[in-house]
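A.B. asks: One structure, as structure tokens, below. Some questions next.
What follows is calculated from the coordinates using simple rules that are stated; it is not laboratory data. Remember, it's a predicted structure, so these values are computed and weren't measured experimentally. Positions of Cβ are backbone-derived with ideal geometry, glycine not excepted, and every protein chain shown enters the neighbour counts.
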Amino acid sequence: MDGGKARGCRWIPESATWCATREAIPWSTRPGRRDRRAIPRARTRGDAGRAPARPKYSAGVAGYLGLSDEQHALLDLVRDITRREIAPYASDRERAGEFPRAAFEALGKAGLLGLVYPERYGGGEQPTWVYLLMLEELAAAHLAVGLGV
């Protein structure tokens, strides 16, 4: 205690009694606290050295999301373009500090730059999560392309 005030207690007017009554309030009923025993813990201290088990999916993320055939074909197209047009040149473009214009041209020709926009505006009218799957594929090959799309 420093000068009669509890350590760590911010200055408050004399009329307020929060710091003085703070010690009298039970821990579990203090503002911002909750009963931690009521929340099931995913891991215990005994699990600290072990990594959590990862699910094993054979087809990657798209394999268990319930994608339609059209969406599977779309992601296959993205993977194909990524493998042919983006990944082989990514490190060279990064080292040279060049803008990956050819990658964006390839994506534009395939119609992949406007996936989330409605068809009446020239887009692909795909759900946002399909667009995000496409971005993950692109960013894995070349981050600048994934961020630029």
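A.B. asks: Could you compute the net charge surrounding residue 89? Neighbours are other residues with a C-beta less than 12 Å from the C-beta of residue 89; K and R count +1, D and E count -1. If you can, show how the numbers build up before the last one.
C.D. replies: On the way: positive: 83, 84, 93, 95, 101; negative: 85, 92, 94, 98.
Computed value for this residue: +1.
A.B. asks: Moving on. When the Karplus curve 6.51 cos²θ - 1.76 cosθ + 1.60 is applied with θ = phi - 60°, which whole-Hz ³J(HN,Hα) does each residue of the stretch 135-149 get, with x for Gly and Pro?
C.D. replies: After applying 6.51 cos²θ - 1.76 cosθ + 1.60, I find 4, 4, 4, 5, 5, 5, 8, 7, 4, 4, 6, x, 6, x, 7 Hz.
A.B. asks: I'd like the Karplus ³J(HN,Hα) series for the stretch 109-121: coefficients 6.51, -1.76, 1.60, θ = phi - 60°, whole numbers in Hz, and an x wherever there's a Gly or Pro.
C.D. replies: Coupling constants for the stretch 109-121: 5, 7, x, 9, 8, x, 4, 8, 7, x, 4, 5, 9 Hz.
A.B. asks: Next up: Between residue 101 and residue 77, how many nm apart are label points set 7 Å from Cα along the C-beta direction?
C.D. replies: So the label points at residue 101 and residue 77 sit 2.5 nm apart.
A.B. asks: Then there is this: Using Cα pairs closer than 8 Å and at least 6 residues apart in sequence, work out the relative contact order for the stretch 65-127, in percent.
C.D. replies: 18 percent
A.B. asks: Fully extended, how many nm does the chain gain between residue 129 and residue 110 (0.36 nm per residue separation, minus their Cα-Cα distance)?
C.D. replies: Numbers: separation 19, 0.36 × 19 = 6.84 nm, distance 1.92 nm.
Between residue 129 and residue 110, full extension yields an extra 4.9 nm.
A.B. asks: Please turn the phi angles of the stretch 129-134 into ³J(HN,Hα) values with the Karplus equation 6.51 cos²θ - 1.76 cosθ + 1.60 (θ = phi - 60°), one per residue in order, whole Hz, x for glycine and proline.
C.D. replies: With the stated coefficients, the stretch 129-134 comes to 5, 5, 4, 5, 4, 5 Hz.
A.B. asks: What is the distance, in nm, between label points placed 7 Å from the Cα along the Cα-to-Cβ direction at residue 84 and at residue 119?
C.D. replies: 2.5 nm
A.B. asks: How large is the Kirkwood hydrodynamic radius of the stretch 65-148, counting all unique pairs of alpha carbons, in Å?
C.D. replies: After inverting the pairwise mean of 1/r, the radius is 13.1 Å.
A.B. asks: Here's a follow-up. Determine the sum of side-chain charges near residue 101: Lys and Arg each +1, Asp and Glu each -1, restricted to other residues whose C-beta is under 13 angstrom from that of residue 101. Working shown, then result.
C.D. replies: Details: positive: 93, 109; negative: 85, 98, 105.
Taking every other residue near residue 101 into account, the sum is -1.
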